[in-house]
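Chemist: Please read through the structure below; I'll follow up with questions.
The values are calculated or read from the model by the stated rules, or taken from the named source; none is laboratory data. Note that the structure is a prediction, hence the values are computed from the model and not measured. Cβ placement follows ideal geometry from the backbone for every residue including glycine, while neighbour counts extend to all protein chains displayed.
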Amino acid sequence: MQAYHVIGTAAPRVDGVAKTTGAARYAADTDLPGMLWMKALRSPYPHARIVRIDTSRARRLPGVHAVLTGADVAGVLYGRRLRDVPALAHERVRFAGERVAAVAATDAETAQRACDLIDIVYEELPAVLEPEDALADGAPLLHPDVQAYQGLPAPLPQPTNAFVSDVWGRGDPERGFAGADLIVEGVYTTQRAHQAYLEPHSCVVWIDDDGRLQIWAPNKAPHRLKLNLVDALGLDPEHIVVRHSTIGGDFGGKGSPMDIPVCYFLAQKTGRPVKSVMTFAEEFSAANPRHPSVVRMRTGVKRDGTLTAHEARFLFNSGAYGGFKPVPGVNLPGASHAAGPYRIPHTRIEAIHVYTNTIPGGFFRGPGAVQANFAIESHMDVIAQRLGLDPLELRQKNLVRGGEELANGMPGLTMRPEETVDAAIRASGYHDPRPAHVGRGISLSYKDQGEGVSSVAVTFRPDGAVLLHTSVFEQGTGSYTALAQIVGEALDVAPGLIEVQAWDSDDGPFDTGVGASRVTRVAGPAAYEAAIRARAELFQLATRLLGWPAERIALSGDAVRRTDTGESTPWAGLVAQAGVPVTGSATNDEHERSPVASAMAQVAEVRVDPETGRVELLKLTSAHDVGVIINPIGHQGQINGGVVQGIGHALTEELMLQDGRVVNPNLADYKLPSIADLPELRTALVESEEGVGPYRTKGIGEYAIEGISAAVANAVADAVGVRIADAPVTAEKVYRALRERDRQS
C-alpha cells in the first residue's frame, strides 16, 4: 500500500481542546439580549380529543410574555421529508408527550410554572400502540388527511395507518420455495431505543431587526433544516440563516426542526429571541428514537444448506408521525439488508411503516439495518440448527462474493466478505474449546456509504495558517480531523497548522448534512480538490512574485521551494506580499449509490447462568473490511463506540411503554452500558485500497453497531440452547425461556 505522511497517523482531534476545556459553544450556551425561554405543555394521553384549553391563568403569571396553543398555529406541519408533524397539537393529540401548548417567559422556571397553570380538558380516545393493532379492521385512523401531506412518497389507495411501503428483491420467491427441501419461518422483534446523546435538543431562535430568522441549534443538516423551515413556515430562504453550534452527540437523532417552529412563532409574537432546551424526560418521551419492528421471515433451503428463497416482511412502528425520517422514501433503507450478505436467487423484502399512538420514530445509527440484521442473522442460526449444520458453515456456503449482485436485487459492491469472516474467526478464537454454559455467536453484515453534496474551501493566510472551511457541522465523529488530515496530506502540511471553521448556512454552498456514513466519501474528495486548487493558486503567486517556473515549484511545510535549485521561501510572506489570502474551493456532488462497501463479521462470547438467566458478555470481536484509514485512533474509536451501542441494544437498552407512556424517561432507568459492563473488545481489520476518493477510504461511523445484537442472541442460544428472538436479550427473557424448556422436557 502507498506510504503517506499524514494519512494513517494518529492525529489529535481538531475539536478536542475546545470540548475538553469548555470553550466549545453549544446552542444552549447562546444568550442574546432580551432572550426568553420556551417550555411546552405535553399531553398525558396517547390519543385524545382536545375539548377545551384555558390559558388565562398562565397569561397572568408575571414574567410570561406569550402563550401559544394549537389554534394559533393550526395547519402548520413540518418534517424532514414528510410534512406531518404539527408545531402544536390541534384538536387532538396522537401520543403521550406531544406538545399541546407553549409558553415564552423570562426564565425556564417561570415558563414551566405557566405551563402548569394551563387548564386542558381532554376526551380520551382509543389508542393503537402496536402496528398490528393499527392495521386491524376497525382501528382508529390516526391521519385521515395523510393523502394531502407534502412529502408522502406515493399516493395511497385509501387513507390508512400504513403510510409507506417499500419492496426489494429479485427472482421468483415461489419458484425458489418450490425447489426447497425445507422451509424455515421465524418472527423477530426489536425494541424502541433512544440515541442517548448527552446534549438534549435545544435551540435559540431570533428574528433580527432586518426580519431575518437566525437559528442556533445542534442540527447536523443545517441546509436541510433551512429548507424544512421554508416549507413549513412559508419564509423566503434568504430570510433564514442557521448559525454553527457545536453538536453534543447525534447518532442519527439531530436532524429535525424539533422545537424550532414553536420558538419561531413565540419569537414572532414577542419580538424577542427565544431559547428552548429539552429535558431528558422530554427527550426520552417525545424525541425521535429508533423504530421498534416486527419482522417475519420465511426461507427455503436445500438439505446441503444452499439457500433457494427468502422472504422478509417488516412492520415498523413509526409512532404518531413520519416526519423525522430524512430520506426521500420516508423509510428506513437498512431494511433492504434483510437478506444479509448471502447468495439467494429468489427474494422479496417488504417494509411497511405504520402510524401508532406512540413516540414518533426517527433515525438512529444503522436505521433499519440494526433491525434487519438482528432478524436475518438470528434466522440463519435457526436454519443451521434445523439442518444440523454449523452456523458458520451455513454462512460461508452462501456468502456473496465481492462485486456479485446482492440478494435484495441491488448491484454488487466492492467488498471482501470472505476475508473479513476469516479475520473474525481467527481474532475471536471461534473454534477454541469452551466450558459449559459459554457460547459463541457470529453475525455477518455489510454497509455502503451514502451520497450527497458537500463543499470545502482551503485558504493560505498571511499569518502562516491554513484555513479549512467546510459546510459540514461536525456531530462528534471526528470529521473535522479527517478533513484536516486529507488537506494536510495533499499540501504536505502538518494537521496542527490547519484551522477548521464551519460555514454558517449563509456563507457556504448547500450541504446534504451528516448521515449515512457519507462524510468521508462526499466531503473528503471536496477537501482534497480544494487543497489542490489552493496549492495551484499559491504556485501561480510564486511564479508572479518570484519569477519561478510553475513546473519547478513544490510545497513543503511552511515554505515553497524550487525543485531544481533548492531555493525556498516561506509562503506566508508571499501571501502577505500579495495582500489577499490564496484560496481554492471545491464542491463534490456524489448523487449515485456508492459502488464500494464494507463487509463486517462480529463474534460474541457469553457466559449464561442457567439458574438466573444472567448473560455475561465475555468477549466481542469485530472484523471490518476497510480501505485506507485516515486516523487510526478515530477509526478505532468509531468501532468501539458502535460496538458499545450495539451491546446496549443487545442486552439492556429499551424505551419501555405502559399504556402508551414511557416509564423509564431518564438516564437512571434507561440502562445504557457503562465501562463496568464492557467485555474484552477485539478488532480485526482487513485493509485494502478499494475505497473511494483520492486516498481510497471507506466510512466506519455506522458499521460496528449493526451485527452485535444478533451475535449476542446467537451466543446465548449456543450457550444454553434457548433462542431469544426479541431484542434486547435480557436475563428475564432467558430465565423464562429456560423454565419453559424445562417444563416441556
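Chemist: If I filter region 557-575 for residues that are of a type in the set (Val, Ile, Thr), in contact with a helix residue (DSSP H, G or I) (Cβ under 6 Å, 6 or more places away or on another chain) and outside any loop (DSSP other than H, G, I, E, B), do I get at least one hit?
Modeler: yes
Chemist: Hey, another quick one. Can you find even one residue in region 492-503 that is in contact with a Lys or Arg (Cβ under 8 Å, 6 or more places away or on another chain) and not acidic (Asp, Glu)?
Modeler: No: region 492-503 contains no residue that is in contact with a Lys or Arg (Cβ under 8 Å, 6 or more places away or on another chain) and not acidic (Asp, Glu).
Chemist: With respect to residue 628, is the statement that it is in contact (Cβ under 8 Å) with a residue 12 or more places away in the chain, part of a loop (DSSP other than H, G, I, E, B) and under 30 Å from residue 341 (Cα atoms) true? Steps first, please.
Modeler: Working: in contact (Cβ under 8 Å) with a residue 12 or more places away in the chain: yes; part of a loop (DSSP other than H, G, I, E, B): yes; under 30 Å from residue 341 (Cα atoms): yes.
Answer is yes for this residue.
Chemist: Out of (1) out of contact with any Pro (no Cβ under 7 Å at 6 or more places or on another chain); (2) among the aliphatic types (A, V, I, L, M); (3) over 27 Å from residue 477 (Cα atoms), the odd one out for residue 372 is which?
Modeler: The single condition residue 372 does not satisfy is (3).
Chemist: Need the failing condition index for residue 683 against (1) within 20 Å of residue 477 (Cα to Cα); (2) among the hydroxyl-bearing types (Ser, Thr, Tyr); (3) buried (at least 21 other Cβ atoms within 10 Å of the Cβ), just the number.
Modeler: Every listed condition holds for residue 683 apart from (3).
Chemist: Which of the residues that make up region 372-400 are outside any helix (DSSP H, G or I) and without any contact (Cβ under 8 Å) to a residue 40 or more places away in the chain?
Modeler: Result: 388, 390.
Chemist: Restricting to strands (runs of 3 or more DSSP E) lying wholly in region 1-77: which have 1 or more residues that are among the aromatic types (Phe, Trp, Tyr) and under 25 Å from residue 113 (Cα atoms)?
Modeler: Where strands (runs of 3 or more DSSP E) fall fully within region 1-77 and carry at least 1 residues being among the aromatic types (Phe, Trp, Tyr) and under 25 Å from residue 113 (Cα atoms), they are 36-42.
Chemist: Inside region 12-25, can you point out the residues that are touching a helix residue (DSSP H, G or I) at 6+ places or on another chain (Cβ under 7 Å) and under 12 Å from residue 500 (Cβ atoms)?
Modeler: Step one: filter region 12-25 for residues touching a helix residue (DSSP H, G or I) at 6+ places or on another chain (Cβ under 7 Å), giving 13-15, 24.
Answer for region 12-25, where residues must be touching a helix residue (DSSP H, G or I) at 6+ places or on another chain (Cβ under 7 Å) and under 12 Å from residue 500 (Cβ atoms): 13, 14, 15.
Chemist: Same structure, new question: Scan region 695-726 residue by residue and report those that are outside any loop (DSSP other than H, G, I, E, B) and among the charged types (D, E, K, R).
Modeler: Result: 718, 726.
Chemist: Examine region 711-730 for a residue that is touching a helix residue (DSSP H, G or I) at 6+ places or on another chain (Cβ under 8 Å), acidic (Asp, Glu) and either modelled with pLDDT under 95 or assigned by TED's automatic domain parsing to the domain that holds residue 489 (or both), and state whether such a residue exists.
Modeler: Checked region 711-730: no residue is touching a helix residue (DSSP H, G or I) at 6+ places or on another chain (Cβ under 8 Å), acidic (Asp, Glu) and either modelled with pLDDT under 95 or assigned by TED's automatic domain parsing to the domain that holds residue 489 (or both).
Chemist: Out of the residues in region 464-489 that are of a type in the set (Gly, Ala, Ser) and more than 25 Å from the chain's Cα centre (by Cα), state the one that is farthest from residue 538 (Cα to Cα). Quick ask: steps written out before the conclusion?
Modeler: At the first step, the residues of region 464-489 found to be of a type in the set (Gly, Ala, Ser) are 464-465, 471, 476, 478-479, 482, 484, 488.
Narrowing the set further to residues that are more than 25 Å from the chain's Cα centre (by Cα) leaves 464-465, 488.
On the way: 464: 13, 465: 14, 488: 15 Å.
Filtering region 464-489 for residues that are of a type in the set (Gly, Ala, Ser) and more than 25 Å from the chain's Cα centre (by Cα), the one farthest from residue 538 (Cα to Cα) comes out as 488.
Chemist: Right, next: Against the condition of a type outside the set (Gly, Ala, Ser), assigned to a strand (DSSP E or B) and either on the phi < 0 side of the Ramachandran plot or not assigned by TED's automatic domain parsing to the domain that holds residue 376 (or both), how does residue 210 come out, does it pass?
Modeler: Values: of a type outside the set (Gly, Ala, Ser): yes; assigned to a strand (DSSP E or B): no; either on the phi < 0 side of the Ramachandran plot or not assigned by TED's automatic domain parsing to the domain that holds residue 376 (or both): yes.
Here the answer is no, as residue 210 does not meet what is asked.
Chemist: Same structure again: Can you find even one residue in region 221-235 that is in contact with an Asp or Glu (Cβ under 6 Å, 6 or more places away or on another chain), crowded, with 17+ Cβ neighbours inside 10 Å and not charged (D, E, K, R)?
Modeler: The answer is yes, given that some residue of region 221-235 is in contact with an Asp or Glu (Cβ under 6 Å, 6 or more places away or on another chain), crowded, with 17+ Cβ neighbours inside 10 Å and not charged (D, E, K, R).
Chemist: Quick one: residue 420 ticks every box in (1) in contact with a helix residue (DSSP H, G or I) (Cβ under 8 Å, 6 or more places away or on another chain); (2) not assigned by TED's automatic domain parsing to the domain that holds residue 166 except a single one, so which number is it?
Modeler: Failing condition for residue 420: (1).
Chemist: Counting only residues that are out of contact with any strand residue (DSSP E or B) (no Cβ under 7 Å at 6 or more places or on another chain) and surrounded by fewer than 21 Cβ atoms within 10 Å (Cβ to Cβ), which one in region 388-401 is farthest from residue 424 (Cα to Cα)?
Modeler: Only one residue fits best here, namely 388.
Chemist: So which residues in region 134-168 are of a type in the set (A, V, I, L, M, F, W, C), in contact (Cβ under 8 Å) with a residue 24 or more places away in the chain and not in a loop (DSSP other than H, G, I, E, B)?
Modeler: Selection gives 134, 135, 146, 162, 163, 164, 167, 168.
Chemist: Residue 692 is checked against (1) of a type in the set (A, V, I, L, M, F, W, C); (2) touching a Phe, Trp or Tyr at 6+ places or on another chain (Cβ under 9 Å); (3) crowded, with 21+ Cβ neighbours inside 10 Å and fails just one. What number does that condition carry?
Modeler: Checking residue 692 against (1) of a type in the set (A, V, I, L, M, F, W, C); (2) touching a Phe, Trp or Tyr at 6+ places or on another chain (Cβ under 9 Å); (3) crowded, with 21+ Cβ neighbours inside 10 Å, the one that fails is (2).
Chemist: Run residue 701 past the list (1) surrounded by fewer than 24 Cβ atoms within 10 Å (Cβ to Cβ); (2) closer than 28 Å to residue 336 by Cα and report the number of the one that doesn't hold.
Modeler: (1)
Chemist: Residues being more than 27 Å from the chain's Cα centre (by Cα) and hydrophobic (A, V, I, L, M, F, W, C): count how many of those fall in region 129-141.
Modeler: Going residue by residue through region 129-141, those that are more than 27 Å from the chain's Cα centre (by Cα) are 133, 135-141.
Still in the list and also hydrophobic (A, V, I, L, M, F, W, C): 135-136, 139, 141.
Of the residues in that region, 4 qualify.
Chemist: State yes or no: is residue 296 within 19 Å of the chain's Cα centre (by Cα), among the charged types (D, E, K, R) and over 30 Å from residue 59 (Cβ atoms)?
Modeler: It is false that residue 296 is within 19 Å of the chain's Cα centre (by Cα), among the charged types (D, E, K, R) and over 30 Å from residue 59 (Cβ atoms).
Chemist: Can you tell me which residue is farthest from the chain's Cα centre (by Cα) among those in region 499-519 that are buried (at least 24 other Cβ atoms within 10 Å of the Cβ) and of a type in the set (A, V, I, L, M, F, W, C)?
Modeler: 519
Chemist: Report yes if some residue within region 9-22 is more than 30 Å from residue 695 (Cβ to Cβ) and hydrophobic (A, V, I, L, M, F, W, C); otherwise report no.
Modeler: no
Chemist: State which residue pairs qualify: first residue in contact (Cβ under 8 Å) with a residue 40 or more places away in the chain and inside region 528-557, second residue part of a strand (DSSP E or B) and of a type in the set (S, T, N, Q) in any location, beta carbons under 8 Å apart, and separation of 6 or more residues or different chains.
Modeler: Sorted first by the residue in region 528-557, then by its partner, the pairs are 529/588; 530/585; 533/585; 534/459; 534/583; 537/583; 556/568.
Chemist: Does region 80-109 hold any residues that are over 30 Å from residue 164 (Cα atoms) and either buried (at least 21 other Cβ atoms within 10 Å of the Cβ) or outside the structural domain of residue 274 (by TED's automatic domain parsing) (or both), and which are they?
Modeler: The answer is 102, 103, 104, 105.
Chemist: Still on this structure, please answer the following. Among residues belonging to region 252-272 that are in a loop (DSSP other than H, G, I, E, B) and crowded, with 24+ Cβ neighbours inside 10 Å, point out the one that is farthest from the chain's Cα centre (by Cα).
Modeler: Looking at the filtered set, the residue picked out is 259.
Chemist: Among the residues that make up region 76-98, is at least one of them within 23 Å of residue 235 (Cα to Cα) and either of a type in the set (Phe, Trp, Tyr) or free of Cβ contacts under 8 Å to residues at least 12 places away in the same chain (or both)?
Modeler: Yes: region 76-98 contains one or more residues that are within 23 Å of residue 235 (Cα to Cα) and either of a type in the set (Phe, Trp, Tyr) or free of Cβ contacts under 8 Å to residues at least 12 places away in the same chain (or both).
Chemist: It is to be established whether one or more residues within region 27-45 are closer than 22 Å to residue 147 by Cα and either in contact with a Ser or Thr (Cβ under 6 Å, 6 or more places away or on another chain) or of a type in the set (Asp, Glu) (or both).
Modeler: No - not one qualifying residue is present in region 27-45.
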